[in-house]
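What follows is a set of notes on a single structure, which appears directly below.
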C-alpha cells in the first residue's frame, strides 16, 4: 500500500496505536502530522521517527481534540506545512473507571469531548478542507459492541463513534471522502495493563487475545489505502476473534 505524496494527521500520536500508525504511514510514503496533547511526548516521538525517516516528512502539533479551535489550528498547521491534507486517524482517546452511581456530569463530558467530539471536529474540518480521494479512520473499540463494568462513558462514546462513522460515510461520499472505523480488542499498550479491571481480575485477559499496536496500524493503513476504495462506512473489528467466542 503506497501513500506517496499523501498527507495524514494522526491524533493521539504518542500512544501505542498512534505511534505504530504514524510509522506504518511513513513506511508507505506518507507525510505525517503528529498531533497530541503533550509536547514532550511529541518531541520524543519525532526524535525516534527522525532516526528512520526523512525529518521533512513529519511535523508535530499540540492539540486538545476536545477543543474545536485547537483542531482547526492543527489542520491549519498541516496544510501550511505540507500544502494539502488527505487522511485523518482519529485515535485520541481517554477513559475512566467508576461505577455509574459515582460518575459525574464532568466525567461524562470529559470522555465524550475527547472520544467522540474530537472525531466530529476533525471530520467537520475534513469535509471542509480535505482533498477528494481522502479518508478518515475512527479508532473505536470492542467496548462499542460488548463491554464490562465501570466504563459506561467510554463504551457509550465508542458506540456513538460508530454511528458518527456511518453518518459521515453517507455525507462524505459526494465529497470523495471515505469514512471507516476500527474496533481494537485487547492491545499491548499501557491503557490495557493499567486498566483497574484487568489488574483486579474483573476482566481476564488471555495472552493469545492480546494484539500488538502494529496489528491495529495495519488495519488502519488498509482502510486509508486506495485498495480499500470500495470500503466505506464499515466498522472493522480487529480483536483476534476475542468477541467471536460464545
Cα centroid of the stretch 146-180 to Cα centroid of the stretch 47-68, whole Å: 25 Å
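Ranked by Cβ crowding within 10 angstrom, fewest neighbours first, how are 136, 205 ordered?
205, 136
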Residue of 76, 215, 52 that the Gaussian network model of the chain assigns the largest fluctuation, springs spanning Cα pairs under 10 Å: 52
Gaussian network model of the chain, springs between alpha carbon atoms under 10 Å - residue of 73, 156, 119 with greatest fluctuation: 73
Fewest-first ranking of 97, 82, 121, using other Cβ atoms within 10 Å as the exposure measure: 97, 82, 121
Binned Cα-Cα distances of the stretch 35-142, short to long, each 5 Å bin given as a whole percent: 2, 11, 18, 21, 19, 14, 8, 4, 2, 1, 0
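Please pull out the direction-averaged projected area of the stretch 92-238, using the convex hull of its alpha-carbon atoms, in nm² to one decimal place.
If you wrap the Cα atoms of the stretch 92-238 in a convex hull and average its projections, you get 9.0 nm².
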The chain: angle of helix 118-129 to the longest principal axis, Cα-based, in degrees nearest 10: 20 degrees
The stretch 7-239: relative contact order in percent, alpha carbon pairs under 8 Å with at least 6 residues between: 21 percent
Size-normalised alpha-carbon gyration radius of the chain, reference 2.2 N^0.38 Å: 0.96
The chain - mean residue ellipticity at 222 nm from DSSP helices (-39,500 (n - 2.57) per run, n ≥ 4, rounded to 500): -12500 deg cm²/dmol
Residue exposure sequence - 154, 122 - by fewest surrounding Cβ within 10 Å: 154, 122
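Bear in mind that the values in this text are calculations on the coordinates, not laboratory data. Just so it is clear, the model here is predicted, and its values are computed rather than measured. All Cβ positions, even for glycine, are placed from backbone atoms using ideal geometry, and neighbour counts span all protein chains on display.
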